[in-house]
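Some notes on the structure that comes next.
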Amino acid sequence: MNEAPTYPEKLKDPRWQRVKCQVLTRDDFTCRSCGCTTRTLHVHHRWYGNGLEPWLYPLDALVTLCDQCHSFEEVAEPLGRNSDFWPLIRMSDGTFRKGPMAEIVGRWDTSKPPRRWA
């Protein structure tokens, strides 16, 4: 009897590797949270759907994060999308959002980069 593959095993699947490459290319191999291009990059799922394989998500549900920001997201996500612990991320349209799962927050000036990118 074959056991279902574990999540880490699924991330080795060629279908996930193709999607991961698409997201990294779309994001110009740059962390969308801090702008880093030198640390190890991960593709983060903004949300999970029950029973969906990692490669079946729409591309807008995936975002490139460096290892540090990805670790932060894994800790901050359970705190809730409106938490002040969410970092700003640069979106492909040039705006900034508070965390990959959050909507644009009105109190943030989304027309210019955060001070740490200046």
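A compact table of results
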{"quantity": "Contour excess over end-to-end distance, with Cα ends at GLU74 and ARG39 and 0.36 nm allotted per residue", "calculated": "10.9 nm"}
{"quantity": "Residues with amide H under 5 Å from that of TYR57, placed H, sequence gap 5 or more", "calculated": "none"}
{"quantity": "Distance histogram in 5 Å bins (all Cα pairs of region 1-68, percent per bin)", "calculated": "3, 17, 26, 24, 16, 8, 3, 2, 1, 0"}
{"quantity": "Interchain or long-range residues, amide H under 5 Å from LEU62's placed H", "calculated": "ARG46"}
{"quantity": "Nitroxide proxy distance, nm - points 7 Å out along Cα→Cβ at LYS12 and THR25", "calculated": "2.5 nm"}
{"quantity": "Other-chain or far-sequence residues with amide H under 5 Å of HIS42's (modelled H)", "calculated": "LEU65, CYS66, ASP67"}
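Every read-out reported here was derived from the displayed coordinates using simple, explicitly stated rules and does not represent laboratory data. The shown structure was predicted, so the numbers you read here are calculated from the model rather than taken from an experiment. Counting neighbours? That spans all protein chains shown, and the Cβs are built from the backbone with ideal geometry, glycine included.
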